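Take a look at the structure below.
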Amino acid sequence: MRKVILDLAVTLDGFIEGPNGEVDWCILDDDMDFQGFLAGIDTILYGRVSYEMWGNFEPDANASETEKAIWGAVHSKEKIVFSSQERQDSKATFIPSGIPEKIAEMKMQDGKDIWLYGGSKLITTFIQHGLIDIYRISVHPTVLGAGKPLFQDLKERINLSLLEVNRFRSGVVQLIYERKD
């Protein structure tokens, strides 16, 4: 069965973006093997705002070949956008409702794992419905003091089992957890 993986960068104080939406603190080291992660998924899940910001992002001409390759891999995946604002988009499928049912259906289909990209409202919805199988959280060596927290509006405790810890040259520490049932 396919798994839904929340793969996300957070600051040491638990924010996924700064107070003005800034993510300039995110580090992407070569030793993180993000391309390996992308090879293990075939679908990316977005909320509308995250899709509008990042779903079709193209690095500028001065970007490294690694960054260009990563974005090329991201754009080769099936993109599903959960939004109450239906629209036609040749690069993504928009789903207005029925998230738990749609995810249950997707997990039963053949294919690779599914990346829950975000944003925060969609992540909260997935947490509240118990739809995340793997939490792959990369803690960055930055303290913002304010911003958008990863975990908000939780109604119940989430129990997790640690699967793996990865430490990178930049000081980023990646924690990979599996949800306990």
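FYI, it's all coordinate maths here, none of it is from the lab. Not measured: the values here are computed from a predicted model. Note that each Cβ is placed from the backbone with ideal geometry, even for glycine, and that neighbours are counted across all protein chains shown.
Once you've got the Cα coordinates, tell me which of K3/K68; K79/K121; K121/K180; K68/K107; K79/K112; K68/K91 are over 24 Å apart.
Values: K3/K68 27 Å; K79/K121 17 Å; K121/K180 22 Å; K68/K107 29 Å; K79/K112 13 Å; K68/K91 18 Å.
Correct reply: K3/K68; K68/K107.
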Inter-label distance for N20 and S97, nm, one decimal - labels placed 7 Å from Cα along Cα-to-Cβ: 3.9 nm
Convex hull volume of the Cα atoms in segment 4-179, per residue, in Å³? 130 Å³
With unit charges on the beta carbons (Lys and Arg positive, Asp and Glu negative) and the dipole taken about the Cα centre of the chain, which residue among I132, W71, G171 sits farthest to the positive side? I132
Inter-site label distance for Q152 and L175 at 7 Å from Cα along Cβ, in nm: 2.0 nm
Given axes a ≥ b ≥ c from the Cα gyration tensor, I'd like to know whether segment 1-93 is rounded (a/c under 1.5), prolate (a/b larger than b/c) or oblate. rounded
Hey, with R₀ at 35 Å, roughly what FRET efficiency would V143 and K77 work out to, going by the Cβ-Cβ distance, to 0.05? 0.60
Spin-label point model (7 Å from Cα, Cβ direction): what's the K121 to D42 distance in nm? 3.0 nm
